[in-house]
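K.L.:
Okay, here's the structure, questions in a sec.
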Amino acid sequence: MTEYLLTIDVGNTQTVVALYDLQSSGTTADDGLIEHWRVSTNPERTADEFASIVLGFLKFARVDFADMGGVSVCSGIPQALPMLRELADRYLDFDPVIIGPGIKTGMPIKYDNPREVGADRIANAIAAHELYGGPVIVVDFGTGNNFDIVSADGEFLGGAISPGLEVSMQALVGRASALRSIELVEPPSVIGRSTTHALQSGAIYGLASLVDGMVVRFQEELGGDAVVVATGGLAPVIAAVASSVEYVEPFLTLHGLRIVHSRNTEW
């Protein structure tokens, strides 16, 4: 009987739940990925409430909690971890693999304080190195833009964090009464001929220039070229106009969770 892996990535804004076939080889980020779902992150949810949401998703794939062979979790919100542990305790027959202290990741963390590194950043770094080797630069477009650097030897070296595009635009529109919210898509030209297109140009091309500029600086410190991988909701939009981005992996974090699970279990 097929057993499944449940992966849960709790971000600041959204939580991604995914279902993998545990028997899949995992040679690509979406190999064995059966389905994935997104829900708004709410750290106030109880374990029972979140279990009800997850079970509803699983029923779309015609599976149940009883079909799960493992669960792998990363959370950017520490308050959510007790709820996730309680969910596993009440509804599953095994402990969850949660990226954090004491978990085998197979990747040395060269941060001054390794405990400060977000679990999603570790998952991304592990997945990117597994898929593309090193050195590799991961750009994750989320609530914040995370730049994570992995050495040729597979070490997490650190990186940079900047405000996410949606957060920045919300702050801008909130402080400028003449501006309004816009769709974050590429405009017809760099020179905007309307307020909407001007905002889109500054947002999309501005972030692309930020990415390209940061990649140049990272590569100078690394002493050579590095593969650049983008993930996150805006990755396809920015990758289309950022000359430095080579690959887009929408399921990078989930793939990292699958790898960490395999390194901490018999699978």
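K.L.:
So what is the relative contact order of the range 4-98, in percent, for Cα pairs below 8 Å that sit 6 or more residues apart?
P.N.:
The value is 32 percent.
K.L.:
In µm²/s, what is D for the range 4-98 at 20 °C and 1.002 mPa s, where D = kT/(6 pi eta Rh) by Stokes-Einstein and Rh is the Kirkwood radius from Cα pairs?
P.N.:
So the translational diffusion coefficient is about 160 µm²/s.
K.L.:
Report the paramagnetic label zone for Ala152: residues of the range 224-261 whose backbone N is under 13 Å from a point 7 Å from Cα along the Cα-to-Cβ axis.
P.N.:
Within reach of a label on Ala152, which here means backbone N under 13 Å from a point 7 Å along Cα→Cβ, the range 224-261 contributes 224-227.
K.L.:
How about the range 178-256: which GluC sites (Glu not before Pro) there lie in a loop by DSSP and see at most 13 other Cβ atoms within 10 Å?
P.N.:
Within the range 178-256, the qualifying GluC sites (Glu not before Pro) (loop, at most 13 other Cβ atoms within 10 Å) are Glu183.
K.L.:
Any idea how far apart Glu49 and Glu246 come out in nm if each label point goes 7 Å out from Cα toward Cβ?
P.N.:
4.4 nm
K.L.:
Compute the relative contact order of the chain as a whole-number percentage, counting only Cα pairs closer than 8 Å that sit 6 or more residues apart in sequence.
P.N.:
Dividing the mean separation by the residue count of the chain yields 19 percent.
K.L.:
Placing one identical point scatterer on every Cα of the chain and ignoring solvent, what is log10 I(q)/I(0) from the Debye formula at q = 0.07, 0.10, 0.16 Å⁻¹?
P.N.:
Per q value, in the given order, log10 I(q)/I(0) is -0.26, -0.53, -1.21.
K.L.:
By its C-alpha gyration tensor, with a ≥ b ≥ c as the square roots of the eigenvalues, how is the range 114-254 shaped: rounded for a/c under 1.5, else prolate for a/b larger than b/c, else oblate?
P.N.:
Judged from the Cα gyration tensor, the range 114-254 comes out prolate (a/c at least 1.5, a/b above b/c).
K.L.:
Could I have the simple spin-label model distance between Ser40 and Glu221, label points 7 Å from Cα toward Cβ, reported in nm to one decimal?
P.N.:
Modelled inter-label distance: 3.7 nm.
K.L.:
Taking only DSSP H segments of four or more residues, each worth -39500 (n - 2.57), what value at 222 nm results for the chain once the sum is divided by all its residues, to the nearest 500 deg cm²/dmol?
P.N.:
-10500 deg cm²/dmol
K.L.:
Enter the Cα centre distance for the pair the range 56-77 and the range 22-41, rounded to the nearest angstrom.
P.N.:
11 Å
K.L.:
For the range 202-267, what does the alpha-carbon gyration tensor say about shape, rounded, prolate or oblate, given a ≥ b ≥ c as the root eigenvalues, a/c under 1.5 as rounded, and a/b over b/c as prolate?
P.N.:
Oblate.
K.L.:
Another one. Please give the residues of the range 65-105, grouped as numeric ranges, whose backbone N is less than 16 Å from a label point set 7 Å along the Cα-to-Cβ vector of Gln14.
P.N.:
Under 16 Å, as judged by backbone N against the label point of Gln14, lie 76 of the range 65-105.
K.L.:
Now for a separate question. If the chain between Thr28 and Asp89 were fully stretched, how many nm would it gain, using 0.36 nm times the residue separation less the Cα-Cα distance?
P.N.:
Between Thr28 and Asp89, full extension yields 18.9 nm more.
K.L.:
Rounded, prolate or oblate: which one fits the range 41-199, using the alpha carbon gyration tensor with axes a ≥ b ≥ c (rounded when a/c is under 1.5, else prolate when a/b beats b/c, else oblate)?
P.N.:
oblate
Read-outs: derived from the displayed coordinates by stated rules, not from any lab. Keep in mind that this is a model prediction, so the values were computed, not measured. Every residue, glycine as well, gets a Cβ built from its backbone with ideal geometry; the counts of neighbours run over all protein chains shown.
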